[in-house]
Amino acid sequence: MLRVVLRFTNLVVLTLLALSFFSFVLIYLFPGEPLANLSGIPNPSPQEIEQLQHLYHRDSVFIVQYWYYLIDLFSGNWGLSFSSGLSLSSEVARTLPASIELSTYALLLSFIVGLPLGFLAGLRHHKTTDYALLSVSVLGYSIPVFWLAMLLILGFSLQLGWFPLSGRISLLYEVPRISGFILLDILWSDIENKSDVFIDAVRHLILPTLSIAAFTTTIILRIMRRSFIETMNSDYVQAAVARGLTSRQVIWKHAIRNSLMPILPLLGMQFTTLLTNAMIVEVIFSWPGIGNWLIQAIYQRDYPAIRVGMLAVATLVVIFTMTIDLFLRLVDPKKSKVERVAI
């Protein structure tokens, strides 16, 4: 077990170093002069150029520049945003929890809805219920996330007026920032009318969460259906039937538990998809997450913000995926590779 943990730790470190090197090189790949991209000064004077060369260690060799870049990363000195003038570390700390929160709720909703529907489709294999659920899954899989988000806004916000059009919470309320997760901050705070504020925050969450969860729900449904069918046709299930167990006993004691195992790797894979879709939906719903922040940085050519934002998102995805992979290997050490069920 210790060897597996050490191996994964080394893999994570090497992957993060590769990501940091790529983010360091980005500043030379952006249009314009690297010094101008780093400092935000479009036409520095000769004296400013000399100062900037020394500040960013441009007078040193390439590997030394990268070394100082790593030191700044680990020390939290990520630079300043050109557009806001604020520290990039504080900007990432402000926006990233909002994206994680939205992705987490969408992932939970996908599992809550997708697993039972996939089990039902597998149980009613090659029957009307199975065909109907497969048709719905194909429809949900085919609809683009941004188009579904706009349809939800058109129907439930503009036409019916049931849910807010955009934002994370009404401007009438002010919630003190504690964890960065709006629902937790409301519960932990001592604000007045806490129940009204909580309901308002949930109403703001519903449409973005549904927009993101629709795609992942169809994936989970199809994988659960396939896994359940394969489990029911396996030798140990057939042996249980031969021993005289009832269908209910076979399903609850053998089929469901074993068919859930292939879903665990899906947690790592789908979180990446969810986070990517969340970054798209954030722009549509004006959700104050890192995706919306990165899009604004691209519009304003805020190159340090783009570089740090991409590195933060990539680091989060790598750590989460590797953690899930490590957990699966520790749970089932016999597997040299995590088995992924084809959709």
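The values are calculated or read from the model by the stated rules, or taken from the named source; none is laboratory data. Quick caveat, the model's predicted, so the values are computed rather than measured. Cβ placement follows ideal geometry from the backbone for every residue including glycine, while neighbour counts extend to all protein chains displayed. In case anyone asks, the SASA skips ligands and DNA or RNA and just uses the protein heavy atoms, side chains included. Shrake-Rupley method; radii C 1.70, N 1.55, O 1.52, S 1.80 Å.
Would you be able to tell me the number of residues in segment 221-247 that are open to solvent by less than 20 Å² (accessible area, probe 1.4 Å) and touching a residue at least 40 places away in the same chain (Cβ under 8 Å)?
Taking segment 221-247 first, the residues open to solvent by less than 20 Å² (accessible area, probe 1.4 Å) are 221, 223-224, 227-228, 231, 237, 240.
Restricting the remaining residues to those that are touching a residue at least 40 places away in the same chain (Cβ under 8 Å) gives 221, 223-224, 227-228.
Total meeting the criteria: 5.
Looking at 166, 170, 157, can you tell me which residue is assigned to a helix (DSSP H, G or I) and either surrounded by fewer than 19 Cβ atoms within 10 Å (Cβ to Cβ) or modelled with pLDDT under 85 (or both)?
After ruling out the rest, the residue left standing is 157.
Would you check which residues across segment 67-97 are open to solvent by 50 Å² or more (accessible area, probe 1.4 Å) and of a type outside the set (Phe, Trp, Tyr) and list them?
71, 72, 75, 77, 80, 83, 84, 86, 90, 93, 94
Can you give me the number of residues within segment 295-315 that are aromatic (Phe, Trp, Tyr) and touching a residue at least 12 places away in the same chain (Cβ under 8 Å)?
Count: 1.
Could you pull out the residue among 305, 240, 278, 297 that is of a type in the set (A, V, I, L, M, F, W, C), modelled with pLDDT under 80 and assigned to a helix (DSSP H, G or I)?
Only one candidate qualifies: 240.
Name the single residue that is surrounded by the fewest Cβ atoms within 10 Å (Cβ to Cβ) among those in segment 190-220 being among the polar types (S, T, N, Q) and at pLDDT 85 or above.
Step one: filter segment 190-220 for residues among the polar types (S, T, N, Q), giving 193, 195, 209, 211, 216-218.
Applying the additional criterion that residues be at pLDDT 85 or above yields 195, 209, 211, 216-218.
Values: 195: 8, 209: 23, 211: 27, 216: 26, 217: 27, 218: 26.
Ranking the candidates gives 195 first.
If the Cβ limit is 7 Å and pairs must be 6+ apart or interchain, which residue in segment 153-165 that is closer than 15 Å to residue 200 by Cα and assigned by TED's automatic domain parsing to the domain that holds residue 288 pairs with which residue that is open to solvent by 30 Å² or more (accessible area, probe 1.4 Å) and among the basic types (Lys, Arg)?
Pairs that qualify, where the first residue is closer than 15 Å to residue 200 by Cα and assigned by TED's automatic domain parsing to the domain that holds residue 288 and the partner is open to solvent by 30 Å² or more (accessible area, probe 1.4 Å) and among the basic types (Lys, Arg), are 163/203; 164/203.
Which one of these does residue 77 not meet: (1) more than 30 Å from residue 234 (Cα to Cα); (2) without any contact (Cβ under 8 Å) to a residue 24 or more places away in the chain; (3) assigned to a helix (DSSP H, G or I); (4) not basic (Lys, Arg)?
Among (1) more than 30 Å from residue 234 (Cα to Cα); (2) without any contact (Cβ under 8 Å) to a residue 24 or more places away in the chain; (3) assigned to a helix (DSSP H, G or I); (4) not basic (Lys, Arg), residue 77 violates only (3).
Name, by its number, the condition in (1) in contact (Cβ under 8 Å) with a residue 24 or more places away in the chain; (2) open to solvent by less than 40 Å² (accessible area, probe 1.4 Å) that does not hold for residue 186.
Here residue 186 clears every test but (1).
Looking at segment 33-42, which of the residues that are touching a helix residue (DSSP H, G or I) at 6+ places or on another chain (Cβ under 8 Å) and either without any contact (Cβ under 8 Å) to a residue 24 or more places away in the chain or among the β-branched types (Val, Ile, Thr) (or both) is surrounded by the fewest Cβ atoms within 10 Å (Cβ to Cβ)?
Result: 42.
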